[in-house]
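The values are calculated or read from the model by the stated rules, or taken from the named source; none is laboratory data. Here the structure is a predicted model, which is why all the values come from computation and not from measurement. Heads up, the Cβs are rebuilt from the backbone with ideal geometry, glycines too, and the neighbour counts pull from every protein chain shown.
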Amino acid sequence: MFQKILVAIHSREQRRGPLTYASQLAKGFTIPVVLLQVSPNDGVPSVRQASDLTEPAARLSADHIPVQSVTETGKDGEDVLCTAEQYGCELIVMPPQLGTNGNGLSSVAAQTLRSTQVPLLLVPPGSASIRNIIVSLDGSALAEVALPYAEEIARRLGVPICLARAYQPWMMTMAGIEGYAYPGSTDLVAAETEAIDYLRGVASRLAALGQPVDCQALKGSPAKGIVGLAARTPGSVTTLTTHGRSGLARWLLGSVTEEMARSTSNPILIIPHKFGFKYAQGVTELVQQTPLFARLREKELNELSQVARIRTFASGDLIVREGDEGDEFFIVSSGRVDVIKNVATPEEFRMGILGAGDFFGELSLLDDEPRSATVRAAGDVECVSINRVDFMDHLNKHPQTAAMMLPALARRLRRATGHSVGE
Ligand code: CMP
């Protein structure tokens, strides 16, 4: 997901928050940091002094984070984006007011936000550490593109997730206009119920995360509701996808992301909208290439792609744990996993090795019993995952997938009963 972080810093006062967050993420993901000093052309003279990179670099090194300092100085958002691309950074961290004395969004940050091709984390100077991930959702598939990022960060840092949806019946926006009655309570109640049901559905898909997931339906506009929630939640990072509106749509609907970035005084992680299309395309391709689904028609493959997700794991990650409740089914798309009994005990032994095209995690979904073994990533692993409800629903509608699973299940049974000559 993230291989390298670019931290763009300016003055001494503004760098503490971004550096603390970058260091926490670099440790969680075990990845290096690239430091870039930015001295904007439009900077207020009093803060235009150069920010020496020696001290921040030493601070990161002391935390055992590999760090590289860029020798040239950036002048604007373009330089930040070019440096990120040049150094292969998949995440940019910077203060929202980079180069100014005031609040809101500096021109460097606004320019970076509008044009970035990689996720951008804006961290105000005083932010202490990441303790909660708020995901701003509006019910669209595009907004849900932020979910895998939030999920991975929550898992790596061991912090809870809060799913938030602002609800606002369109009539409410007319309330101040003469002749338009304020909507009856049933409209608001219906909008709230819909928001809560939607959030609960998303939360059930995150059940395998192993971290607490909270749901918050907030009345009013997203910019007000979610910014308020972030302000009440200490150590929160609000994650959201840009909708990439341009032209008339941007003029009419505005950019919620920019409005939120301007009005919040808490950290905000912005996922560019193009990731939505790239991600959806990636899932569809992986589902289409999965041998288990070889007998499905295009329409069925597309339906499955809607509910499937890409999950990535690093070497040693325990993807499922023996004895846990099972909520998710996995297909390995690249890499290798070990299936282990009695992990981390003197009786530990490996029952099997699974590679690209193989599946696991089906047993506890089929018999409702705890996980029969631990599955551990042996190197970098990418999987397609489907939650219990969607997977069982798929098997009920398409028994041909169940039939495709039978040879592997038979092999596993033979191994378990000692009637196998090897897998
Ligand atoms: P589940 O019990 O849900 O979680 C652990 C998974 O390990 C299990 O489903 C199977 O997918 C997988 N598994 C169990 N036994 C074997 C085996 N002998 N060979 C390969 N995979 C196995």
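With respect to D327, determine if the residue is of a type in the set (D, E), near the ligand (Cβ under 10 Å from one of its atoms) and either out of contact with any Gly (no Cβ under 7 Å at 6 or more places or on another chain) or closer than 23 Å to A294 by Cα (or both). Steps first, answer last, please.
Numbers: of a type in the set (D, E): yes; near the ligand (Cβ under 10 Å from one of its atoms): yes; either out of contact with any Gly (no Cβ under 7 Å at 6 or more places or on another chain) or closer than 23 Å to A294 by Cα (or both): yes.
Yes: the conditions hold for D327.
Under 7 Å between Cβ atoms, which residue pairs at least 6 apart in sequence (or on different chains) link something in the range 149-166 that is surrounded by fewer than 23 Cβ atoms within 10 Å (Cβ to Cβ) with a partner that is among the basic types (K, R)?
V159/R131
Condition first: at pLDDT 85 or above and assigned to a helix (DSSP H, G or I). Can you find one or more residues in the range 273-280 that meet it?
Restricting attention to the range 273-280, the residues satisfying the condition of being at pLDDT 85 or above are none.
No, the range 273-280 has no match at all.
Within the range 334-358, count every residue that is in a strand (DSSP E or B), in contact (Cβ under 8 Å) with a residue 12 or more places away in the chain and more than 7 Å from the ligand (Cβ to nearest atom). Working first, answer last.
Step one: of the range 334-358, the residues in a strand (DSSP E or B) are 334, 337-341, 349-354.
Cutting the leftovers down to in contact (Cβ under 8 Å) with a residue 12 or more places away in the chain gives us 334, 337-341, 350-354.
Next cut, more than 7 Å from the ligand (Cβ to nearest atom) only: 334, 337-338, 340-341, 350, 353.
Adding up the residues that qualify gives 7.
Of the residues S385, S364, only one is within 16 Å of V320 (Cα to Cα), within 13 Å of the ligand (Cβ to nearest atom) and touching a residue at least 60 places away in the same chain (Cβ under 8 Å); which? Walk me through it before giving the result.
Numbers: S364 fails: touching a residue at least 60 places away in the same chain (Cβ under 8 Å).
Criteria check complete, one pass: S385.
Consider the range 367-401. How many of its residues are under 21 Å from S204 (Cα atoms) and crowded, with 16+ Cβ neighbours inside 10 Å?
Of the residues in that region, 11 qualify.
Mind checking which residues of the range 91-128 are touching a Leu at 6+ places or on another chain (Cβ under 9 Å), among the hydroxyl-bearing types (S, T, Y) and either surrounded by 21 or more Cβ atoms within 10 Å (Cβ to Cβ) or part of a loop (DSSP other than H, G, I, E, B) (or both)?
Passing the criteria: S106, T112, T116.
Rundown of residues vs (1) modelled with pLDDT under 90; (2) more than 18 Å from the chain's Cα centre (by Cα); (3) under 15 Å from Q24 (Cβ atoms), yes/no style:
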| residue | (1), (2), (3) |
| --- | --- |
| P96 | no, yes, no |
| G99 | yes, yes, no |
| G104 | yes, yes, no |
| A109 | no, yes, no |
| S129 | no, no, yes |
| V135 | no, no, no |
| D138 | yes, no, no |
| V159 | no, no, yes |
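Would you tally the residues in the range 277-333 being farther than 20 Å from V202 by Cα, of a type in the set (A, V, I, L, M, F, W, C) and surrounded by fewer than 16 Cβ atoms within 10 Å (Cβ to Cβ)?
2
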